[in-house]
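Heads up, the thing below is written out as structure tokens.
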Amino acid sequence: MLTLLVVAMSLSADPTPAQTQLLQTFHAEFIPITPGEKDFPATLQRTLGDGKTVEIRFEQPFSVAKYEVPQDLFKAVTGNDPSRWKGDRNSVEEVNRDEAIAFCRQATQLMRSAKLIGADEEIRLPTESEWEYVARAGTDTIYSFGNKVADLDDYAWHTGNAAGNDPPVGTKKPNPWGLYDIHGYLWEWCADDWSSETAKLPVAGQAVQSAGAAHGVLRGGSWKDKAEKLTSYYRYKAATDLRDDAVGFRCILARTAKN
């Protein structure tokens, strides 16, 4: 009971000046995405590898963080940094899906208290469809920068170039929409439960939800992986309680979904 009270108090408390400064930086690093306008297509063709394809249509604007959540921000919001590879601006890792979701909820409350976002806005994990949409950035190639594996070093940390490096976020080139480390560095949690049936994909881009699901979805590949796992479409089935030094997450800022 005491633990629940402490958590509840932390969620409702106003942010400290140090927290506010980090949250302001976090807020400034979101990239607006407006499906159907300018360079943002309204739809995405998706398949889960079962030979079927479904068209996902995005009808609402949202924003995506240009970086994976860094350690200084994660610690400021949660009071903890579980990462193996320490560095304030290194991406936080060793975080399971529930912990990533908890960060998003806490960040939402703090940012509302700081008047950085509205009461009808929230920080959350991307749905898998949203993740692939922003990773592809309007392209239909293997990677957001094309089909050449030889170009991967310019955009991603992977098993071929990560040895001896412990980089902060954003040291490689971004994808066409300005997202850094969307290929490689760390696997990124999505909000979805795992599914291999394309027909079950929500056509408006929502997350796949299954009662009692024990597995979720990781996307993007990591510093431990070879080129084929860093593509815009590769999916990894992971236990939702997985903690690994190659797993982190990226956030979405969007209007709160209406029930």
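Read-outs: derived from the displayed coordinates by stated rules, not from any lab. Note that this is a predicted model, so its numbers are computed, not measured. FYI the Cβ positions are ideal-geometry reconstructions off the backbone, even for glycines, and counts take in every protein chain you see.
Things to note:
- Summarising the overall dimensions of segment 180-235 from its C-alpha atoms, the Rg and Dmax are 12.4, 33 angstrom.
- Sparse packing (at most 15 other Cβ atoms within 10 Å of the Cβ) combined with a DSSP loop state is found for the following GluC sites (Glu not before Pro) in segment 186-259: Glu197.
- Proximal aspartates and glutamates relative to Lys173, as straight alpha-carbon distance under 15 Å, when same-chain residues fewer than 8 apart are discounted: Glu68, Asp151, Asp153, Asp154, Asp181
- Residue order, fewest to most beta carbons within 10 Å, for Tyr185, Tyr234: Tyr234, Tyr185
- Normalised by 2.2 N^0.38 Å, where N is the number of residues, the alpha-carbon radius of gyration of segment 37-126 equals 1.37.
- Vicinal HN-Hα couplings computed from phi for segment 211-223 (Karplus, 6.51 cos²θ - 1.76 cosθ + 1.60; Hz; Gly/Pro x): 4, x, 5, 9, 10, x, 10, 10, 10, x, x, 8, 5
- Using the empirical formula 2.2 N^0.38 Å as the baseline, the Cα radius of gyration of segment 44-88 reaches a ratio of 1.90.
- Around the amide H of Ile33, modelled in the peptide plane, lie the amide H atoms of Phe62, Ser63, Val64, all under 5 Å away and 5 or more residues distant in sequence or on another chain.
- Highest-fluctuation residue, Leu73, Leu125, Leu22 considered, GNM on the chain with Cα pairs under 10 Å: Leu22
- Whole-number D in µm²/s for the chain (Stokes-Einstein; Kirkwood sum over Cα pairs; 25 °C, 0.890 mPa s): 132
- Each Lys or Arg adds one and each Asp or Glu subtracts one; over the other residues with Cβ under 12 Å from the Cβ of Ser222, this totals -3.
- Loop-resident sites, segment 50-101, for GluC sites (Glu not before Pro), counting at most 14 other Cβ within 10 Å (DSSP): Glu59
- A cut-off under 13 angstrom between Cβ atoms defines the neighbours of Leu186, and their net charge, with Lys, Arg +1 and Asp, Glu -1, is -2.
- Each residue of segment 175-191 was assigned a 3J(HN,Hα) from its phi angle through the Karplus expression (A = 6.51, B = -1.76, C = 1.60, θ = phi - 60°), giving 6, x, 9, x, 8, 9, 6, 6, 9, x, 6, 10, 4, 10, 5, 10, 6 Hz with x at Gly and Pro.
- Trypsin sites (Lys or Arg not before Pro) within segment 22-86, DSSP loop, no more than 14 other Cβ atoms inside 10 Å: Lys38, Lys52, Arg84, Lys86
- Of Ser232, Ser83, Ser196, the sequence from fewest to most neighbouring Cβ atoms within 10 angstrom is Ser196, Ser83, Ser232.
- For Ser83, distant residues with modelled amide H under 5 Å away: Glu93
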